[in-house]
1. Report yes if residue 172 is within 22 Å of residue 93 (Cβ to Cβ) and within 16 Å of ligand 3 (Cβ to nearest atom), otherwise no.
2. Tally up the residues in the stretch 57-97 that are part of a helix (DSSP H, G or I) and touching a strand residue (DSSP E or B) at 6+ places or on another chain (Cβ under 7 Å), please.
3. Does residue 178 qualify as being touching a residue at least 40 places away in the same chain (Cβ under 8 Å) and at positive phi?
4. List every residue pair whose Cβ atoms lie under 9 Å apart, where the two residues are 6 or more positions apart in sequence or sit on different chains, the first residue falls within the stretch 189-204 and is touching a residue at least 60 places away in the same chain (Cβ under 8 Å), and the second residue, located anywhere, is within 15 Å of ligand 2 (Cβ to nearest atom).
5. Can you tell me which residue in the stretch 98-124 is farthest from residue 31 (Cα to Cα), limited to those that are touching a residue at least 40 places away in the same chain (Cβ under 8 Å), outside any loop (DSSP other than H, G, I, E, B) and away from ligand 4 (no atom under 16 Å from the Cβ)?
6. So, of the residues in the stretch 142-174 that are closer than 20 Å to residue 232 by Cα and touching a helix residue (DSSP H, G or I) at 6+ places or on another chain (Cβ under 8 Å), which turns out to be nearest to ligand 1 (Cβ to nearest atom)?
7. Give me the helices (runs of 4 or more DSSP H) completely within the stretch 181-275, filtered to those with at least 1 residues that are surrounded by fewer than 17 Cβ atoms within 10 Å (Cβ to Cβ) and away from ligand 4 (no atom under 16 Å from the Cβ), ordered by residue number.
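Just so it is clear, none of the values below were taken in a lab; they were calculated from the coordinates. Everything numeric here is computed off the predicted structure, so don't read it as measured data. As a convention, Cβ positions derive from the backbone with ideal geometry for all residues, glycine included, and neighbour counts pool all protein chains shown.
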Ligand code: C2E
Ligand code: CA
Ligand code: CA
Ligand code: CA
């Protein structure tokens, strides 16, 4: 029994080694991914739940790995954040998204995700304004998606940058609402333009009266704060209808379109919601 236990431990040890090894290799590959041009942006439409018009597209990072194929951000964003590589990669994302947006229909905005690590010890305005100047993108066509963790840090310089960007017409979006601390008092600390209700709430829609009540309360809150509400991860027509009835303004999800390369992006209004 004792020997067996030791063997099991050795197997476990080897597996752990393998995981650590795989992670190291991934990290090493990540270091050269940017200079090798292996990152790509996919875009997913965000539609007006009333009219079906495409209002914006969210840029979502993909890594075309030579051996592993297309790798999703959940697998490598944490590694980028831990290694600090998120700064150069994040700068590239902002620049590429703005460049791509210039070629999109003029009424469509582009939304870029910004990691809290990217906002630490550097000026967001200092990164974004030269990009706007270089690409010629109207700042009123840019959305920056941040998570509420930036509010917890109470970084006065960052809040000042966000205010200045807002003055230029760039909109600040509170992403993944409902997944973090989400103390309602935090969302008063900064005047966001838009709030994205996390997919987990959308998944629960129609399953219980309580779940529906929570989402209705959030949408009611956005209305009284004059924030535009967006629901993420809409997969069914029923979810879209419920959200629209609750007063949610914008929707994003596979129902309206999956993230696709720029060349495959369709800007035609979505006609998927029953009258
Ligand atoms: P997110 O910002 O919440 O982005 C939405 C995620 O939900 C995307 O996953 C999108 O593909 C997925 N999604 C959209 N609609 C549906 C749906 O109807 N059903 C389901 N099951 N999923 C849906 P993705 O592209 O894998 O990105 C995951 C996360 O990685 C993003 O979550 C964001 O936090 C992060 N991320 C992506 N691109 C970037 C980037 O350029 N910079 C940073 N810092 N983070 C990024
Ligand atoms: Ca987002
Ligand atoms: Ca989100
Ligand atoms: Ca999410």
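1. When the stated conditions are applied, residue 172 passes them.
2. Result for the stretch 57-97: 8.
3. Judged against the criteria, residue 178 is a match.
4. none
5. The extreme case among them is 109.
6. 147
7. Per the criteria, 184-189, 209-224, 237-246.
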